[in-house]
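Here's the structure, in structure tokens; my notes come after.
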Amino acid sequence: MTSEAELRESLYRAGYIADEGLVTTLWLAGELQRPLLIEGDAGVGKTALASALAKARGHGLVRLQCHEGLDLSQAAYEWNYGRQLMAIRLSESHPAGAQGLKEADLFARDYLLERPLLQAISSEQPCVLLIDEIDRADEAFEAFLLEVLADYQITVPELGTLHAKHIPQVVLTSNGTRELSDALRRRCLYHYLDYPTLAREIAIVRATLPHAEGALIEQAVAFVQRLRREDLGKTPGVAETLDWVRALHRLSFKALPDDPHALTATLACLIKTREDRFQMGEDRVRHLIEGRRTVGVAEKAPQPTADVASSSTSTSA
């Protein structure tokens with residue numbers, strides 16, 4: 001990749017439509033060999049970006065899914081204790097006994113199980129390392145991660161320090177469930193990924209579902225955009241939009257139906273909590289179809305114009 005335009009085109013061919021700001025930040029991260037931290041709500045396309053980047057560059061994707069309690073043995077490496085025990089028993093079964101087996105033999109690289117971080121460091125080819133949902137990991141894990149991101153190396157006490165053969169392009173994602181450390185933020189370039197605009201989301205759906213009717217795509221995406229402005233516990237992301245348009249297309253809809261009852265039956269693709277489903281009745285769906293936003297159960301009343309207000313005052317007088 002030699003330019004931002006080429007990166008954007010490669011991402012598009014890989015199925016990801018990125019805006020100018022995201023492409024610039026992603027290109028700079030590659031040029032400066034710095035990790036990229038992407039924050040945003042669930043469903044805005046953070047994980048998909050890393051997958052598309054690996055595909056666009058023709059590199060492998062190594063993914064570390066973070067969770068509470070993530071430790072070194074799950075993230076970096078672990079010794080193959082079963083194989084080590086088998087080697088000891090095989091050595092004991094030979095006439096020479098276990099005297100020919102040294103401790104260093106048991107802690108050779110062959111007995112090391114590589115987890116995602118070490119896989120990326122040891123990769124013979126350039127790769128993209130996705131550290132997904134880093135905010136779900138503990139703060140103690142962040143401290144270990146800093147060594148990897150600082151010098152792209154991992155220290156194994158029995159073997160020494162293992163250096164990266166090729167510096168991976170690192171993408172970290174966060175849903176903002178907890179505040180990340182300042183040290184980690186300083187190490188990375190940063191981009192906040194928001195929900196796509198109406199035009200961009202239409203382009204995403206068209207590129208992903210080319211067989212769906214244009215009118216259906218435009219009306220469905222406009223409906224989802226209005227739905228995101230409602231007071232929901234879980235806001236639908238781009239993945240939910242794609243599922244919903246795909247479902248409507250499978251149901252042979254050429255455009256968004258005017259009947260709220262027919263539409264309500266398909267909202268399982270968009271509404272994912274009991275509370276949100278309860279408040280999204282047919283009347284509220286009808287308002288969204290018509291393009292009106294509701295507040296609570298009642299529709300927001302339009303403000304009277306100056307002419308109407310003055311006329312009302314004159315009448316009262």
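The values are calculated or read from the model by the stated rules, or taken from the named source; none is laboratory data. Computed from a predicted structure; not experimentally measured. Ideal geometry is used to build each Cβ from the backbone, glycine not excepted, and the neighbour counts take in all protein chains shown. When the accessible area is computed, the model is the full protein with side chains, heavy atoms only, and any ligands, DNA or RNA have been set aside. Shrake-Rupley method; radii C 1.70, N 1.55, O 1.52, S 1.80 Å.
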Based on what the data block shows, is Ile121 under 30 Å from Tyr192 (Cα atoms), in contact with a strand residue (DSSP E or B) (Cβ under 7 Å, 6 or more places away or on another chain) and modelled with pLDDT of 85 or more?
yes
Identify the residue in segment 188-237 that is open to solvent by 40 Å² or more (accessible area, probe 1.4 Å) and among the charged types (D, E, K, R) and, among all such residues, is nearest to His287 (Cα to Cα).
Arg226
Considering only residues that are part of a helix (DSSP H, G or I), acidic (Asp, Glu) and either more than 17 Å from Ile38 (Cα to Cα) or open to solvent by less than 20 Å² (accessible area, probe 1.4 Å) (or both), which ones fall in segment 142-187?
Glu142, Glu147, Asp151
Hey, among the residues in segment 240-288 that are in contact with a Gly (Cβ under 7 Å, 6 or more places away or on another chain) and open to solvent by 10 Å² or more (accessible area, probe 1.4 Å), which one's farthest from Gly45 (Cα to Cα)?
Glu275
Could you tell me whether segment 66-73 includes any residue that is modelled with pLDDT of 90 or more, open to solvent by less than 60 Å² (accessible area, probe 1.4 Å) and touching a Pro at 6+ places or on another chain (Cβ under 7 Å)?
no
Can you find even one residue in segment 171-184 that is modelled with pLDDT of 95 or more, hydrophobic (A, V, I, L, M, F, W, C) and within 23 Å of Gly237 (Cβ to Cβ)?
yes
Working only within segment 132-141, note down all residues that are touching a Ser or Thr at 6+ places or on another chain (Cβ under 9 Å), modelled with pLDDT of 90 or more and not in a strand (DSSP E or B).
Glu133, Ile134, Asp135, Arg136
Return yes when Leu37 is within 24 Å of Asp182 (Cα to Cα), surrounded by 15 or more Cβ atoms within 10 Å (Cβ to Cβ) and not charged (D, E, K, R) and no when it is not.
yes
Identify, by number, the condition in (1) open to solvent by 10 Å² or more (accessible area, probe 1.4 Å); (2) within 19 Å of Leu180 (Cβ to Cβ) that Leu32 doesn't meet.
(2)
Quick test of your reading of the structure: Leu85 fulfils all but one of (1) within 18 Å of the chain's Cα centre (by Cα); (2) hydrophobic (A, V, I, L, M, F, W, C); (3) open to solvent by 20 Å² or more (accessible area, probe 1.4 Å). Name the failing condition by number.
(1)
Any residue at all in segment 80-94 that is closer than 30 Å to Ile271 by Cα and touching a helix residue (DSSP H, G or I) at 6+ places or on another chain (Cβ under 7 Å)?
no
Does Glu20 meet the test of being open to solvent by 50 Å² or more (accessible area, probe 1.4 Å) and more than 17 Å from Arg200 (Cα to Cα)?
no
With a cut-off of at least 1 residues that are of a type in the set (D, E, K, R), name the helices (runs of 4 or more DSSP H) lying wholly within segment 1-76.
4-13, 20-32, 46-57
Filter segment 8-28 down to the residues that are hydrophobic (A, V, I, L, M, F, W, C) and either at pLDDT below 95 or closer than 30 Å to Lys272 by Cα (or both) and list them by number.
Leu11, Ala14, Ile17, Ala18, Leu22
